[in-house]
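So the structure is just underneath, and the comments pick up after that.
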Amino acid sequence: MKIIQVIPTYNEAGNLPALVSALFSQNLPDLNILIVDDNSPDGTGEVAERLSREHPGRLSALHRQRKEGLGRAYIQGFRTALDLGADVIGMMDADLSHPPACLPEMLAALEGADVVIGSRYIPGGSLDEDWPFWRKALSGFGNAYARTILGLPIRDATGGYRLWRRSAMEAIPFQDSRSNGYVFIVELAYMAKLAGLTFAEVPIYFAERTYGDSKMSLRIQIEAAYRVWQLRRIYKDKR
Ligand SMILES: Nc1nc2c(ncn2[C@@H]2O[C@H](COP(=O)(O)OP(=O)(O)OP(=O)(O)O)[C@@H](O)[C@H]2O)c(=O)[nH]1
Ligand SMILES: [Mg+2]
């Protein structure tokens, strides 16, 4: 079995080495990493190349010309992972918010589901305890909003820590997505639901990034707010 964990990066040079060593210390011999960097000005691409030399055959990097958003990076990463023969395709942020230690449990859960979600919103899962109330409320609202409007059968619809069986990834038209920011994550879940795929959720503790800047912007949040309604319309015949 071949697992390929796809990790999109933009200015994550300070996080990537720690993330990669934490992932490779999970005692998962089948785990491979594919970094998708959008020509980060902080040199993340060079860090990824160095890591690929340190982990020959287990880590590789795609280098894209310019910053095109999370969605485009994942689409190219998924396509490449499928071409490389992955049996399991993973998604996660590079900023250490998604705990590598949960990966073994998520893999185990994939035996009983097509898609596994690292979930902040089921018992045992949680958000960074240092987040102010308003940030937790905003995250909870955004999640409930997307979940309700799209009728998603999962508690965490906006979290980007996921595992897909190859067959599940092949069953959805992920390359057709035009979503840019984190709403891409929501769109994938919607595609999965419409394709009749099954989900399982594993609790995670979501830690705030300590290095680097958040790429979350008002523009990305506005995109998410209207795009959720657009998705309903785009996929209307398939509901
Ligand atoms: N390749 C690529 N990666 C990106 C891009 N935008 C964000 N990322 C990466 O996607 C992951 C999630 O980033 P965001 O969803 O922007 O969230 P964030 O910056 O962690 O913001 P917080 O929610 O505050 O943690 C991180 O690993 C980013 O480096 C992009 O345009 N291209
Ligand atoms: Mg983050």
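The values are calculated or read from the model by the stated rules, or taken from the named source; none is laboratory data. The structure displayed is predicted, hence computed values, not measured ones. Backbone-built Cβ (ideal geometry, glycine too); neighbour counts: all protein chains shown.
Hey, among the residues in the range 76-101 that are in a helix (DSSP H, G or I) and crowded, with 20+ Cβ neighbours inside 10 Å, which one's farthest from ligand 2 (Cβ to nearest atom)?
81
Given the structure, is residue 114 within 16 Å of ligand 2 (Cβ to nearest atom) and either of a type in the set (D, E, K, R) or modelled with pLDDT under 95 (or both)?
Considered against the rule, which asks whether it is within 16 Å of ligand 2 (Cβ to nearest atom) and either of a type in the set (D, E, K, R) or modelled with pLDDT under 95 (or both), residue 114 comes out as no.
Quick grid of which residues meet (1) assigned to a loop (DSSP other than H, G, I, E, B); (2) within 16 Å of ligand 1 (Cβ to nearest atom); (3) crowded, with 21+ Cβ neighbours inside 10 Å:
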{"position": "189", "(1), (2), (3)": "no, yes, yes"}
{"position": "193", "(1), (2), (3)": "no, no, yes"}
{"position": "200", "(1), (2), (3)": "no, no, no"}
{"position": "214", "(1), (2), (3)": "yes, yes, no"}
{"position": "219", "(1), (2), (3)": "no, yes, no"}
{"position": "223", "(1), (2), (3)": "no, yes, no"}
{"position": "226", "(1), (2), (3)": "no, no, no"}
{"position": "230", "(1), (2), (3)": "no, no, no"}
{"position": "237", "(1), (2), (3)": "no, no, no"}
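For the subset of the range 202-212 comprising residues that are within 16 Å of ligand 1 (Cβ to nearest atom) and outside any loop (DSSP other than H, G, I, E, B), which member is surrounded by the fewest Cβ atoms within 10 Å (Cβ to Cβ)?
Result: 205.
Let me confirm something: among 103, 59, which residue is aliphatic (A, V, I, L, M) and either at positive phi or out of contact with any strand residue (DSSP E or B) (no Cβ under 7 Å at 6 or more places or on another chain) (or both)? I'd like the intermediate steps shown before the answer.
Details: 59 fails: either at positive phi or out of contact with any strand residue (DSSP E or B) (no Cβ under 7 Å at 6 or more places or on another chain) (or both).
The unique qualifying residue is 103.
Would you confirm, using the coordinates I've provided, whether residue 185 is within 16 Å of ligand 2 (Cβ to nearest atom), part of a helix (DSSP H, G or I), out of contact with any helix residue (DSSP H, G or I) (no Cβ under 7 Å at 6 or more places or on another chain) and under 18 Å from residue 96 (Cα atoms)?
Answer is yes for this residue.
I'd like to verify a number: residues in the range 104-148 that are touching a residue at least 24 places away in the same chain (Cβ under 8 Å), within 16 Å of ligand 1 (Cβ to nearest atom) and either farther than 26 Å from residue 227 by Cβ or among the hydrophobic types (A, V, I, L, M, F, W, C) (or both), how many?
Counting residues in the range 104-148 that are touching a residue at least 24 places away in the same chain (Cβ under 8 Å), within 16 Å of ligand 1 (Cβ to nearest atom) and either farther than 26 Å from residue 227 by Cβ or among the hydrophobic types (A, V, I, L, M, F, W, C) (or both) gives 6.
Would you mind finding the one in 27, 32 that is part of a strand (DSSP E or B), away from ligand 1 (no atom under 15 Å from the Cβ) and more than 22 Å from residue 172 (Cα to Cα)?
Numbers: 27 fails: part of a strand (DSSP E or B).
Just one listed residue meets the conditions, 32.
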